[in-house]
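Worksheet for the structure shown next.
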Amino acid sequence: MDTALGEARAAAERGEVPVGAVIVGPQGVIASAGNQTRADHDPTAHAEILAIRAACQVLGQERLAGYDLYVTLEPCPMCAAAISNARIGRLYYGAPDPKSGGVAQGAKVFSHPQCHHAPEVYDGIGATQSADLLQRFFASRRT
């Protein structure tokens, strides 16, 4: 989660919403990314999507079965669907997202009958640091 938090901090420094994600496998860290929606002019450039894309490119495959995803914020429904489609084995996330979450909040993508694959989910990992980073970022935007 430390690497994901580093990616989130870097995203904040670029003016992006501070979310970071890391894909880890048996060989260690495969890919990491922070949000880049503003820089890429792409609403799908969430940290999770970027990390999944990069990991698939590194491994030369479209599925990430047996790999873990660490992300600082509860994934949104779009990212939860991508996690399912990539067949991520385990999802570890930090802060909950009551407004836009798609795992434990809101859409609860993994509990839908249409969901073909649900990873093991572990929440609250680095939640305090993740939430603090997000709160400081948005507080700085309001002043």
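Annotations
- Residue list for the range 71-89, filter: within 16 Å of G20 (Cα to Cα) and of a type outside the set (A, V, I, L, M, F, W, C): T72, E74, P75
- Options A55, A82; residue that is open to solvent by less than 20 Å² (accessible area, probe 1.4 Å) and not β-branched (V, I, T): A55
- Within the range 92-107, the set of residues being out of contact with any helix residue (DSSP H, G or I) (no Cβ under 6 Å at 6 or more places or on another chain) and of a type outside the set (F, W, Y) comprises P96, D97, P98, K99, S100, G101, A104, Q105, G106.
- Subset of the range 10-42 that is open to solvent by 20 Å² or more (accessible area, probe 1.4 Å) and part of a loop (DSSP other than H, G, I, E, B) - its residue that is nearest to I88 (Cα to Cα): P26
- Residue in the range 45-56 that is of a type in the set (D, E, K, R), over 11 Å from the mean Cα position of the chain (by Cα) and more than 22 Å from G6 (Cα to Cα) present: no
- Contacts under 7 angstrom Cβ, first residue in the range 16-28 being more than 18 Å from L134 (Cα to Cα), partner open to solvent by 10 Å² or more (accessible area, probe 1.4 Å) and β-branched (V, I, T), 6 or more apart: I23/I30; I23/I52; V24/I30
This table checks each residue for (1) in a loop (DSSP other than H, G, I, E, B); (2) more than 18 Å from A10 (Cα to Cα); (3) in contact with a strand residue (DSSP E or B) (Cβ under 7 Å, 6 or more places away or on another chain); (4) touching a residue at least 60 places away in the same chain (Cβ under 8 Å).
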| residue | (1), (2), (3), (4) |
| --- | --- |
| V58 | no, yes, yes, no |
| Q61 | yes, yes, no, no |
| A65 | yes, yes, no, no |
| L69 | no, yes, yes, no |
| T72 | no, no, yes, yes |
| A81 | no, yes, no, no |
| H117 | yes, yes, no, no |
| V121 | no, yes, yes, no |
| F137 | no, no, no, yes |
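- Residue ID - farthest from the chain's Cα centre (by Cα), chosen from residues in the range 110-143 that are farther than 14 Å from Y70 by Cβ and of a type in the set (A, V, I, L, M): A139
The values are calculated or read from the model by the stated rules, or taken from the named source; none is laboratory data. All of these numbers come straight from a predicted model, not from anything done at the bench. FYI the Cβ positions are ideal-geometry reconstructions off the backbone, even for glycines, and counts take in every protein chain you see. SASA here: full protein model, heavy atoms, side chains in, ligands and nucleic acids out. Shrake-Rupley method; radii C 1.70, N 1.55, O 1.52, S 1.80 Å.
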